[in-house]
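No value in this document is a laboratory result; all are computed from the given coordinates. For clarity, every value in this text was computed on a predicted model and none was experimentally measured. Quick reminder, even Gly has a Cβ in these numbers, built from the backbone with ideal geometry, and neighbours come from all protein chains shown.
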Amino acid sequence: MSEILAYEFMRRALVVVLLAGGLSSLVGFFVVSQRLAFAGHGVAHSAYGGLAVGLLLGTSSFWTGTLFAVAVALLIGWITRRGRLAEDTTIGILHAAAMALGTAILSRVPGYVDLFSLLFGNVLAAQAAEVRALALVGGGVALFVILRFHDLMSVAFSEELARIDGRSVEVLSYGLLVAVALVVMVSVRAVGVVLASALLVIPTAAARQVASGYRQVLGLSLVVSLVSGVGGLILSFLWDLPSGASIVLVATFLFGLSLAARHWRERRRRGLALAPFPGR
Amino acid sequence: MSGNALPLLELEGVRVERDGRTVLDGLTLQVHPGEFLAVVGPNGAGKSTLLQVMASLLPVQGGRVVRRVGPGGIGYVPQKRAFNDQLGLRVADVIALRVVPRASLFRRVRPEERRVIAQALEQVGLAGLGARLFQELSGGEQQRVLLARALAGGARLLLLDEPEQALDLPAQRHLYQLLARLCGQTGVACVVVSHDIEQVAAHAQRMLLLRDQTWALGSVAQLLASPALTGLTEGGPEKVGVSEVPERAG
């Protein structure tokens, strides 16, 4: 580990995966419990269009991608809330349109474009300025979710009850969608647009298999996220794998372990329940 | 019902439209402290819409709604499909969401708040269940937790939307007995939307029937004897002769 951390780019990469992991577990809790996984997937893919715009204009693709992702997230929320189109239909249309736009724009970008890194992440290439931008955005998201946790939880529990309690349900719902878009953008450097939504879903899904109570779920998903990030980064360095693929594979492996642990625990409980009384 | 006290809720000539269709028209009623009012009628008659109007969840297109309950004075218990019971919340957390507004992730429930939560759980017969996971409770227990949530927030008017849904008969009976006791002992008023006329009629004092944009309001005895209920009471005798029941076409 010390050998790995001797490199400046590895230290930067470590900061990025820790940031992405921490934020993903925090926001992922609401994504999984409110069934927003497909929205996260759609927003992540939509960011591709914004990243392409940045490359074409020669500006920071992180900020253009962020603008794009936030706009698409708000649009998904707005169209769905109006009730004219089902959420999955809205997301299907917007994410396909944004991918098509991104591909069309990229074909006009002069010179070489590292499409592979864009799609599947290359955390080892993170620059210092980019890491600062990620930390700024990530800090804002973390503050929002931590400070408004009860409000967000209340809306997740029941919008009607939250409204009667005097909470601004629309602001909170749009706020959560924006948070999802920003977390996706923080994760894109680590795992790319194709796999960004996986970080939002897999750690929380794994934690829910074995933890009871939301505090345990949050804590365990944080552990899964961080272990996946750091473990994936080490594998990426050692075996020269794309960082996104190795991080998501480690997370998926941990999800498999959690499924097995749940299965084992249930079998054990059933076995104990069926065991005869001693002395019979 | 305390006759002298001002009504907690007044609806005067209320008209509500949804998706371009008039659902309620000219509805006038009052709900007094300690009263148990049952709202019955076929599907699509506007029963849930009425509760949402009472709870300020829906605007009215005509008429007037006056609520004299103060902040936190309305407690709403939605149908089961209207809340997410897969969040990993403990029973005390569900109530704390109402009792402790605007709290951060790291804010702990204070002793005085814990006392309010415990008292509310005791009122609904769930003392000591605060640490249980909400999702592991039965449908009836979940309904009672939501009642406790409303009471802990200082509700004076409880609005329940088909609380008997997904409950077996003993659980339904237990819930209605609890509501009647709350109304009688604490002065809380209950408005209950129900499909089970016999069950709710056994505990309510007044009944509101909604059907095809018309409404009829009266005592339970009046309504049960009214031809307005024909067809809603499955296999029941035909109800006749209720000139006392004010009924109007919409």
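Scalar couplings 3J(HN,Hα) for region A:199-207, obtained by applying the Karplus form with A = 6.51, B = -1.76, C = 1.60 to θ = phi - 60°, are 5, 6, 9, 4, x, 5, 4, 5, 5 Hz; x denotes Gly and Pro. Annotation: amide H-H contacts under 5 Å for B:Arg102 (H modelled 1.01 Å from N, sequence separation of 5 or more, or interchain): A:Asp151. Remark: relative contact order (chain A) = 28 percent; criterion is Cα-Cα distance under 8 angstrom and separation of 6 or more residues. Just so you know, the averaged projected area of the alpha carbon convex hull for region A:7-77 sits at 5.6 nm². Calculate the tail of P(r) for chain B: the fraction of all Cα-Cα distances greater than 32 Å, expressed in %. When every Cα pair of chain B is considered, 22 percent fall beyond 32 Å.
What whole number of Å gives the distance from the Cα centroid of region B:16-50 to the Cα centroid of region A:193-268? Using only Cα atoms, the two centres lie 49 Å from each other.
Under 5 Å between amide hydrogens, built in the peptide plane, is the criterion, and for B:Leu8 it picks out B:Val31, B:His32 among residues at least 5 positions away or on other chains. Springs between Cα atoms under 10 Å define the GNM used for chain A, and in it the highest mean-square fluctuation of A:Val227, A:Val180, A:Val188 occurs at A:Val227.
Calculated from the alpha-carbon coordinates, the protein assembly as shown shows an Rg and a Dmax of 27.7, 93 Å respectively.
So in the protein assembly as shown, what percent of DSSP beta bridges are antiparallel if you round to the nearest 5? Roughly 55 percent of the DSSP beta bridges within the protein assembly as shown come out antiparallel.
For chain B, the 222 nm mean residue ellipticity estimated from helices alone, with every DSSP H stretch of n ≥ 4 adding -39500 (n - 2.57) and the total spread over all residues, rounds to -8500 deg cm²/dmol. Here chain A is described by how far its Cα atoms reach on the three principal axes: 82, 54, 31 Å, from widest to narrowest.
Spin-label pair A:Asp240-A:Ala6: with each label point 7 Å from Cα along the Cα-Cβ axis, the two points sit 1.9 nm from one another.
Radius of gyration (Cα atoms) of region B:83-154, expressed as a multiple of 2.2 N^0.38 Å: 1.00.
Treating each Cα of region A:36-130 as one equal point scatterer and applying the Debye formula with no solvent, the log10 of I(q)/I(0) at q = 0.19, 0.23, 0.24, 0.25 Å⁻¹ comes out as -0.87, -1.14, -1.21, -1.27. The amide H of B:Val39, built 1.01 Å from its N in the peptide plane, has B:Val192, B:Val193, B:Ser194, B:Leu208 as neighbours under 5 Å, considering only residues 5 or more places off or on other chains.
Electrostatic bookkeeping for B:Val31 treats Lys and Arg as +1 and Asp and Glu as -1; over the other residues with beta carbon under 13 Å from its beta carbon, the sum is +1. The charge dipole of the protein assembly as shown, taken about its Cα centre with unit charges on the Cβ of Lys, Arg, Asp and Glu (plus for the first two, minus for the last two), comes to roughly 1100 debye.
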